[in-house]
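Heads up, the thing below is written out as structure tokens.
We did not get these values from a lab; they are worked out from the coordinates using the rules stated. Model, not experiment: these values are computed from the prediction. Heads up, the Cβs are rebuilt from the backbone with ideal geometry, glycines too, and the neighbour counts pull from every protein chain shown.
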Amino acid sequence: MSKKKITIPELRAKRENGEKFAMITVYDYPMASLVEKSSIELILVGDSLGMVIQGLDSTVPVTMAEMLYHTKLVRRGTPGTFVVGDMCFMSYQACEKEAIHNAGALIQAGADCVKMEGTRHTAPKVEAVVKSGIPVVGHIGLTPQTASAMGGFKLQGKDLESAKNLMADALAYQEAGVFAIVLECLPTALAQAIHNKLTIPTISCGAGPVCTGYNLNAYDILGIFDQFVPKFVKRYREVGNDITAVFEAWRQDIETGQYPLADHSFNVFEKEINELFK
């Protein structure tokens, strides 16, 4: 039986019914195909691909062309999973017209909605995209595109003033029309307060257990990306070590003559070829 893609009304209903959902970050066809076989409801094609896939120090250099490329790859692998396309740095900050254009391009590439980082100051751009008919997931707290201004990838909302600002950001995003909002790297108590104030689903990415949805990166939970491991990540496997072990086993098979064997070779026309070139 094929997987049935969840809808935005169904995601809203999960909040109303006290149910949960999951959003996993992947960037390519093989990973998306594996997610498609699971019960995970959403995929985020994140601009974190700059760090996880490209080996960069931040998400800032990632371009719209790269986001479109990876969104297309994911869409091909997962017809039954709701895909969230990330709006990369400077794809929406300059003006509303540019925000709408780039959001539309992500939808044309296969995304079901877009995600937009920021604060209440970004809310007018978000509202413009929503009013154009494109669904938006908001993202506040630790926003990687502006992490340098925050002093790095750190917990946000650690004092009352910043907590008030984050609450204002969340309310502004809801007012702008987002149908859900990611809360990244927030204290559990603040995430709870924001969740209680909002009426839309909240998605925890290092914001504790109080939200409607939860987001982690596939490469983190599989133990493939090991440059750093965020505190909020639970690693379910160390697949990276397994992959390295396979690579080494193959290399040793080459050394000992165990690869390739007859089963791995095309043994046809041997007699004819031997006669031809004897």
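Considering every pair of different Cα atoms, what Kirkwood radius, in Å, is found for the chain? When all Cα pairs of the chain are included, the Kirkwood radius is 20.3 Å. Each of I273, I43 has some number of other Cβ atoms within 10 Å of its Cβ, and from fewest to most they run I273, I43. In terms of other Cβ atoms within 10 Å, D86, D159 run from fewest to most in the order D159, D86. Seen against the Cα atoms of the chain and their longest principal axis, helix 188-197 is set at about 60 degrees. Were the residues from T256 through I243 laid out at 0.36 nm apart, the gain over their Cα-Cα distance would be 2.7 nm.
Charges on Cβ only, +1 for Lys and Arg, -1 for Asp and Glu, centred on the Cα centroid of the chain; of A128, L44, T199, which one is farthest towards the dipole's positive end? Positive-most Cα among the choices belongs to T199.
Here the residues Y259, Y214, Y27, ranked from fewest to most Cβ neighbours within 10 Å of their Cβ, fall in the order Y259, Y214, Y27.
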